[in-house]
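Remarks on the structure that follows.
The values are calculated or read from the model by the stated rules, or taken from the named source; none is laboratory data. Source: prediction; values computed, not measured. Here Cβ is always computed from backbone atoms with ideal geometry, including for glycine, and neighbour counts include all displayed protein chains.
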Amino acid sequence: MKQRPRILLADDHVMLLDAFRHLLDSQCEIVGTAANGRALIELALETRPEIIVLDIAMPELNGMDACAQLLHKLPDVKFIFLTVSEDPDIAAQAIGLGASAFLLKSCAATELTLAIDKALNGGIYVTPLITGGRPIRAFLQDAPKPGSAELSARQREVLQLLAEGKAMKEAAKILNITARTVAFHKYKIMTQLGLKTGAELVQYAVKHRLVTPRR
């Protein structure tokens with residue numbers, strides 16, 4: 001009997017997590033669910049899944065940065081992004097980072113099953129809704145090459161938490177550092193990026209997809 005793949009789900013919408021669990025439960029072993037990027041990292045290290053299905057926009061740590069961190073710690077895990085973003089540049093960035101698949105939440109359920117099969121067999125899948133039907137290799141070749149990262153991984157973490165409205169003490173507790181260190185990172189970020197106000201800091205975080213616009 002073929003063993004069911006072990007899958008971890010991460011999304012900050014509880015109803016969607018329940019829907020994904022219901023969809024995959026008959027063919028996969030769901031080892032856990034996480035509602036933010038930090039919980040995802042902790043749970044992934046604990047459960048060691050074969051596949052992580054995750055959103056990009058998640059609180060405390062976005063999906064891209066969570067994926068980047070986990071790829072260093074769990075290099076054999078396959079990542080499938082399932083998101084609302086239809087931006088082909090984001091899809092190309094995710095695959096370039098090391099993800100195995102990029103899907104839209106509006107995709108048919110059969111696409112998620114196909115992406116899981118592709119990932120388990122070492123393939124790459126990007127929904128045709130983004131590629132326009134182009135072969136994956138052509139799609140990735142046509143994507144703009146990302147420039148050098150302006151911020152370090154720690155700076156991105158601090159920026160996301162502050163842009164989400166966390167106080168320095170809250171951010172410090174989440175990151176297990178001192179509030180003074182958070183303040184230092186904030187100062188360096190704003191100086192480095194030429195930002196003058198908190199509003200400009202939030203705008204930068206939204207523009208670079210570290211956070212989603214507040215509704």
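Descriptive notes on the structure:
- Qualifying residue in segment 201-215 (condition: hydrophobic (A, V, I, L, M, F, W, C), surrounded by 11 or more Cβ atoms within 10 Å (Cβ to Cβ), under 17 Å from the mean Cα position of the chain (by Cα) and part of a helix (DSSP H, G or I)): yes
- Those residues of segment 35-56 which are in a loop (DSSP other than H, G, I, E, B) and either under 13 Å from residue 94 (Cα atoms) or in contact with a strand residue (DSSP E or B) (Cβ under 7 Å, 6 or more places away or on another chain) (or both), in sequence order: 49, 50, 55, 56
- Pair list, Cβ under 6 Å, 6 or more apart: segment 72-97 residue in a loop (DSSP other than H, G, I, E, B), other residue surrounded by fewer than 22 Cβ atoms within 10 Å (Cβ to Cβ) and at pLDDT 90 or above: 84/105
- Some residue of segment 111-129 being within 29 Å of residue 6 (Cβ to Cβ), in contact (Cβ under 8 Å) with a residue 60 or more places away in the chain and among the basic types (Lys, Arg): no
- Complete set of residues in segment 5-27 that are more than 17 Å from the chain's Cα centre (by Cα), modelled with pLDDT of 90 or more and part of a loop (DSSP other than H, G, I, E, B): 5
- Selection over segment 173-200 of residues that are over 30 Å from residue 88 (Cα atoms) and part of a loop (DSSP other than H, G, I, E, B) gives a count of 5.
- Of all the listed residues (53, 77, 31, 84), the sole one being surrounded by fewer than 18 Cβ atoms within 10 Å (Cβ to Cβ) and of a type in the set (Val, Ile, Thr) is 84.
- Any hit, segment 138-150, residues being surrounded by fewer than 19 Cβ atoms within 10 Å (Cβ to Cβ), of a type in the set (Ser, Thr, Tyr), modelled with pLDDT of 90 or more and not assigned by TED's automatic domain parsing to the domain that holds residue 80: no
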